[in-house]
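Peer 1: Got a structure here, written out as structure tokens. Questions coming.
The values are calculated or read from the model by the stated rules, or taken from the named source; none is laboratory data. Predicted, not measured: the structure shown is a model, and the values here were computed from it. Cβ coordinates were reconstructed from backbone atoms using ideal geometry, including for glycine residues, and neighbour counts include every protein chain displayed.
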Amino acid sequence: MRAAGAVFEQRACTELQRVGLTLLARNYTTRYGELDLVMLDGDTVVFVEVRHRLGASRGDAAASVNQAKQSKLIRTAELWLAQHPQYALRPCRFDVVSYDGPAERASMQWWRQAFEAG
């Protein structure tokens, strides 16, 4: 499962870099959770959660970023910002990049500002 996740994280990173975002960190892990990608979009720090679902029996990939997952991402982002004070006063947002379906046919959906921290 982790190897498949890495493939989709790389796909998302490549596509976001192609449209102008800059990678700051990948797979930042704390006891609260993990940030798949931390990127810079202009002056904005973007915390990107990458999700893939093979089938829709439990909903689509983006829908899997539920309230509990959002809380973990927010707490982990707070820790990342505390460790990187040069970004602490910049605007931040949480994006979700989702892929649904078999890997070879999964198309990317990019949900900018997918949820709010406050």
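Peer 1: Can you pull out the residues in region 85-107 that are surrounded by 15 or more Cβ atoms within 10 Å (Cβ to Cβ) and outside any helix (DSSP H, G or I)?
Peer 2: Matches in region 85-107: Cys92, Arg93, Phe94, Asp95, Val96, Val97, Ser98, Tyr99, Asp100, Gly101, Ala106.
Peer 1: If you go through region 4-54 one residue at a time, how many are part of a strand (DSSP E or B) and not aromatic (Phe, Trp, Tyr)? First the steps, then the outcome.
Peer 2: Within region 4-54, the first condition is being part of a strand (DSSP E or B), and the residues that meet it are 22-29, 34-41, 44-53.
From what is left, the residues that are not aromatic (Phe, Trp, Tyr) are 22-27, 29, 34-41, 44-46, 48-53.
Count: 24.
Peer 1: Suppose we keep only residues that are assigned to a helix (DSSP H, G or I) and under 15 Å from Trp110 (Cα atoms) within region 55-74. Which one would you say is modelled with the highest pLDDT? Explain how you work it out, then say what you get.
Peer 2: At the first step, the residues of region 55-74 found to be assigned to a helix (DSSP H, G or I) are 62-64, 67-74.
If we keep only those that are under 15 Å from Trp110 (Cα atoms) too, we end up with 62-64.
Numbers: Ala62: 64, Ala63: 69, Ser64: 72.
Among residues in region 55-74 that are assigned to a helix (DSSP H, G or I) and under 15 Å from Trp110 (Cα atoms), the one modelled with the highest pLDDT is Ser64.
Peer 1: Check region 16-28 and report whether any residue there is of a type in the set (Lys, Arg), modelled with pLDDT under 95 and within 23 Å of Leu81 (Cα to Cα).
Peer 2: Going through region 16-28, the residues of a type in the set (Lys, Arg) turn out to be 18, 26.
Checking the rest, the ones that are also modelled with pLDDT under 95 come to none.
Within region 16-28, not a single residue is of a type in the set (Lys, Arg), modelled with pLDDT under 95 and within 23 Å of Leu81 (Cα to Cα).
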